[in-house]
Structures are given as C-alpha cells and as structure tokens.
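Working notes for the structure below.
Rule-based calculations on the coordinates, nothing more; no lab input. Only a predicted model underlies this, so the values are computations on that prediction, with no experimental measurement involved. Here the Cβ positions follow ideal geometry from the backbone for every residue, glycine too, while neighbour counts run over all protein chains shown.
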Amino acid sequence: MTGTNVPAAAVSADDAHLDGVDLRVLAQRLGTPLHVYSASAIRQRIHALQTAVHGLGTLICYAVKANANLAVLQLMADAGLGADIVSVGELRRSLLAGIPASRIVFSGVAKTTGEIADALATGIRRFNVESKDELNLLQRVAAARNVIARASVRVNPDVDALTHAKISTGKSENKFGVGIEEAREWFADNAQRTHVNLDGLHVHIGSQMLSLDPIELALQRVASFWRELTAAGHAIASIDVGGGLGVCYRDGRDQPVSIEDYADIIRKTLGGFGGHILLEPGRWLVAEAGGLLTRVLRIKQGRQRRFLVVDAAMTELLRPSLYDAWHDIVPISRRLQPPQLYDVVGPVCESSDTFAVDRLLPPCEPDDLLMIRTTGAYGAAMASNYNSRPLAAEVLLDRGRYAVVRRRQTFEEMITGEQPAHHWDSA
C-alpha cells in the first residue's frame, strides 16, 4: 500500500496554483525566492495521522525542527498536537504558538544546564535523555529547583534505517541514545535519583524512511525491553516511537509507506501497553505541503553543460547541497516544446550550490517562474545568510487566501547585532 495522498500538497493540473492561490500573482507581488506552504495540506496530514492512530492512546508531538514558523506551529496547536523540541528556542516558539508545556517533549544530545532549568520552569511533559551525563545533570538541576523531572531513555537499538547516512540515528555508531545494556543500568539505579522519575522509553532511528521493516524491528526491540523492565518491577508510563516517515521527493520513484500500515505496526508491536504512546512526526506533516518559488536569472551554456541559473540558492534550500537530495522542479508555465537537460544552480559562490544535475525540463527563459517541490520541511528551517543573502519570505496559503508569515529580511535586519570594533575589553 502506498502512502496516504495529500491532494492539496501538489500544484493543480496547470502547475500554477497551490491551495487555490495563483502562484504567478503571488511571486509578482512578493518577489522570489519565496517559501509557500499549504495550510490545507498540513491539516489533511494531521487528520490522516490522527485517524490512523485513533484508539492507541497517542500524543502526536510535531518535530519543530522540520519547520519552526509560528504560523505552522499554530496549525499544530489548533489540531491539539504537542511539540518535540531540541532547544530552548524551539520551546519558546512552541509556547508562543499556543502549544501547552504539558504537550512538549525535550529531545537532543546536548541540553545545557540553562535549557534544562528553563524547560523545568515551564513544566514540560518529559525529557528524552541521551546520555548518563545528561541524566545526572537533569537530577542536579531538578533537585536545585525542588521539582521532579519525568524522563525517558533514548534507546539506540542498532537498527539501520535504510536511509541517507547523514540522517540515520539508530545505529550503534551514531551519537544518539544509549544501548539497551546501559539503559538497563539506568533503571536499576532509578531509586537513587530523588528528583528524576525515569519511567519512559524513546526510540528514533532515522529520517526519510520509505520502508516499515526497520521501524518494526526497532519497535520490537523496544517492546521486548519494555516487557523486561515491567517484569522487573519498573513502571513504564510512556513509549515514544519517534518519527522519520518518508515523503515523496521524486515523483514516480519515492513510495512513502501507508500511514495506516505504520499505525498497525505500532498496534502489533506495542499491544498491551497501558501507558501513553508518543509520536514525533515532522517531515511527514509538512514537507509536501511546501514549495520554493524561484525565477530564472539566465541560461548559461558552458562547454559541456547547460546551466539554468535561478535566484534561489543553498541559502534557501540546503538539502541538495548537504545530502545530494533530489527535489522535483516544475516550471509554473510550460512551453509545448521538447524538454532540455539543465543543471539547475543558484547564485551562491559554491559549486555545491546546485539543485539538480542533468534535469530534464521544458525549455526555460529568463524570468520564468519555477517551483522546487517538497520544501516544507528543512527548507526555511535550515536557511542561512551566507553571501549576505537576506532570508526569503514565507507565505501560508489557505483555500484561495494567503498570509505573509515571515516577511523578507531587510539588509538592516540581517546585520542587526553587528558593529565595528570600537570598544575593546581584555580577559
């Protein structure tokens, strides 16, 4: 079974509309490069996931790192979702968007003393702990505040997620989580911690997974550990099954898993568990809802290659440079002529500033408008000011309407905080 379709996430048959909004008009008014997100598509994904896991006693905690725009977070809050965060910045964004602290889970390998203190002060739901040092720090900070922190151990099940090496997180050589043997020792010492209640398990083995097999294997290992702990007298109140479900970046090749089949795997592996099951989807909820609009600046014919130079760059979409990731690219207005091979490149002074190599596209001319698809996750979220390029605007589309949810950064905003070295101190 293929993945649940989200019709509103794709442009219409004429490639010129998204969620009822004319992309040509939008680009003319707001300029390019421009990030656009379909609110309808995000809502459809939320509803599909909520329907699939109904009756499992789940809390869906959106992985904020995928797209932290406040308007996107408000869609999650409105639907009753929680948040999976990895920094205090993401904590503050989630709270500002209306996600209550009781639905926020703090993950990540490098939580600082200050971050833990801030999270405890807000009363977040729990911490996903990734090392013995972090567990001891959590105990000290919680004791200093005289509060009880609820925690889950992130178990590294040594399962290959069958995805790109740079987004695989569940193998023994990865920096995330601890082995089951070490986790077993943590629970054995649980009574010695006066201010940490270690009563949960957490697993997340990677991202952009297009097969259920590694997910099922990881959950089987976690389920076996949960049953072992329960038999030993440890109360397990929460199992966090992570996220990582893949999406369709390449039409006709990527085959995302069915969300219903995914839910069935959770039912089968965690059958009989009476606590809360947490999920951390990020990419799956927002990636296909987004696109990056960009204009052709020029066509450059080299000795061996034809370059399509566009005004978007790795500063707007890093994934192709970072992971050699494929994103479908479609012209908003097509010409009825045979396609041509292009290398689609941006203006940044790096050879890696390349969106596509030998990509077949209809003939393009300067000022043509293109959409780079499936950029709603890890697009604007990974943006930078490299080459002193202002951050692009972000726009939320909703059934024929649009709202600018992040205005295009001005030069003055970009250099805020910078100043000449007029005042010198010594240390």
FRET efficiency for Lys300 and Gln192, Cβ-Cβ distance as r, R0 = 51 Å, nearest 0.05?
-> 0.15
Note on region 39-285: contact order normalised by length, alpha-carbon pairs under 8 Å, 6 or more apart, percent, works out to 20 percent
Note: Trp424 to Ile148 extended length (0.36 nm per residue) minus current alpha-carbon separation gives 94.9 nm
In the chain, lysine pairs 8 or more places apart or on different chains with C-alpha atoms under 24 Å apart total 12
Angle in degrees between helix 39-52 and the longest Cα principal axis of the chain, rounded to the nearest 10 | 30 degrees
Please identify, among Gly400, Gly246, Gly275, the residue showing maximal mean-square fluctuation in a Gaussian network model of the chain using a 10 angstrom Cα cutoff.
-> Gly400
What list do you get for Trp284, Trp424 if you sort them by fewest beta carbons within 10 Å?
-> Trp424, Trp284
Between Gly271, Leu297, Leu285, whose Cα lies farthest towards the positive end of the dipole of region 256-321 when Lys and Arg beta carbons carry +1 and Asp and Glu beta carbons carry -1, centred on the Cα centre?
-> Leu297
Gyration tensor on Cα atoms of region 288-410, a ≥ b ≥ c root eigenvalues, a/c under 1.5 rounded, else prolate if a/b beats b/c, else oblate, says oblate
The chain, Gaussian network, Cα under 10 Å: of Thr51, Thr354, Thr374, the residue fluctuating most is Thr51
Once the Cα atoms of helix 259-269 and of the chain are each reduced to a long axis, what angle between those two axes, in degrees from 0 to 90 to the nearest 10, is obtained?
-> 20 degrees
Give the span of region 39-285's Cα atoms along each principal axis, as three whole-Å numbers ordered largest to smallest.
-> 54, 38, 34
Full extension between Ser102 and Leu212 adds, at 0.36 nm per residue less the Cα distance, a length in nm of 36.6 nm
For the residues Ile332, Ile215, Ile60, what sequence is obtained by ranking on other C-beta atoms within 10 Å, fewest first?
-> Ile332, Ile60, Ile215
Residue-span extension gain [Thr112 to Glu412] - 0.36 nm each, minus C-alpha spacing = 104.9 nm
Expressed as a rounded percentage, what relative contact order does the chain have, with Cα pairs under 8 Å and six or more residues apart?
-> 20 percent
Which label marks the calculated value of volume of the Cα convex hull per residue in Å³, given the options [x] 169; [y] 150; [z] 521?
-> [x]
Take every Cα pair under 8 Å in region 288-410 that's 6+ residues apart, average their separations, divide by the length, and report that relative contact order as a whole percent.
-> 31 percent
GNM flexibility winner over the chain from Gly82, Gly274, Gly206 (Cα, springs under 10 Å) = Gly274
Quickly work out the Tyr386-to-His54 label distance, labels modelled 7 Å from Cα along the C-beta direction, and quote it in nm with one decimal.
-> 4.5 nm
Estimate the FRET efficiency between Glu182 and Gln220 by the formula 1/(1 + (r/R0)^6), using the beta-carbon distance for r and 25 Å for R0, to the nearest 0.05.
-> 0.80
Acute angle (nearest 10 degrees) that the helix 132-145 long axis makes with the longest principal axis of the chain, alpha-carbon atoms | 70 degrees
